[in-house]
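Right, one structure below, let's go through it.
The values are calculated or read from the model by the stated rules, or taken from the named source; none is laboratory data. Just so it is clear, the model here is predicted, and its values are computed rather than measured. FYI the Cβ positions are ideal-geometry reconstructions off the backbone, even for glycines, and counts take in every protein chain you see. Just so you know, the surface numbers come from the protein's heavy atoms only, side chains and all, with ligands and any DNA or RNA stripped out. Shrake-Rupley method; radii C 1.70, N 1.55, O 1.52, S 1.80 Å.
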Amino acid sequence: RSLIAPLRSFSSMRQPSYDAVIIGAGVIGTSIATELSRHGWRTLNVDKLSGVGLGSTSYSSGILRMTYSVLDSVKFAWEGYHYWQSWEDHIGVEDEKGLAQLRSCGQVIIRSAESEAFITKTLACFDKLGLPYEMWDNAELQRRLGFDLTSYAPPRRIDDDSFGEPNGREVDGAVYFP
């Protein structure tokens, strides 16, 4: 059984017993509580805010991506992706209003000198785990997405006089992650 309590209420609670006290009641803290509770642990989430998911979790855009440059992060995201595919089964709850839905659309990372180090590290992780990706040249990028292939790199501050100005080159293709 999992209980959520704001920090200010914690001191006034009678002396219940918990197997784990979890700091935070956002997506990570509540996920930890859920999994521990499934294994018979009595958990308590403590958060400085007045409700669940009101901290940095509330600023999430809801994007689930697997493109990280660290192997453990890719593994963690890949596992989470599979939980999301059958979310209702995973959490074991039905909601007549419906639950959050996963809409898989893939991800494209445009290749440029500025993105190449990240792409190289990310592809090494994907190769090690046998995860799918596709290398797209500019013709494929244009065919699939109709992108403007003009390069605007490197990134510039909005107060830079050349902000938004093309650099005279095209992008170097892309990597597509289904």
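Would you point out which residue out of Lys97, Lys121, Lys75, Lys48 is within 30 Å of Thr150 (Cβ to Cβ) and open to solvent by 80 Å² or more (accessible area, probe 1.4 Å)?
Step by step, each of Lys97, Lys121, Lys75, Lys48 is checked, and only Lys121 is within 30 Å of Thr150 (Cβ to Cβ) and open to solvent by 80 Å² or more (accessible area, probe 1.4 Å).
Quick check: is even one residue across the stretch 140-163 of a type in the set (A, V, I, L, M), surrounded by 15 or more Cβ atoms within 10 Å (Cβ to Cβ) and within 30 Å of Arg38 (Cβ to Cβ)?
no
Looking at Glu94, Glu114, which is the one that is among the charged types (D, E, K, R) and closer than 26 Å to Pro166 by Cβ?
Only one candidate passes the filter, namely Glu114.
Each row is one residue, and each column tells you yes or no for (1) of a type in the set (Phe, Trp, Tyr); (2) free of Cβ contacts under 8 Å to residues at least 12 places away in the same chain; (3) at positive phi.
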{"residue": "Glu35", "(1), (2), (3)": "no, yes, no"}
{"residue": "Leu44", "(1), (2), (3)": "no, no, no"}
{"residue": "Asp47", "(1), (2), (3)": "no, no, no"}
{"residue": "Gly53", "(1), (2), (3)": "no, no, yes"}
{"residue": "Ile63", "(1), (2), (3)": "no, yes, no"}
{"residue": "Met66", "(1), (2), (3)": "no, no, no"}
{"residue": "Val70", "(1), (2), (3)": "no, no, no"}
{"residue": "Ala77", "(1), (2), (3)": "no, no, no"}
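Against the definition (surrounded by 11 or more Cβ atoms within 10 Å (Cβ to Cβ), at pLDDT 95 or above and at positive phi), how does Gly173 come out, yes or no?
For Gly173, the condition - surrounded by 11 or more Cβ atoms within 10 Å (Cβ to Cβ), at pLDDT 95 or above and at positive phi - is met.
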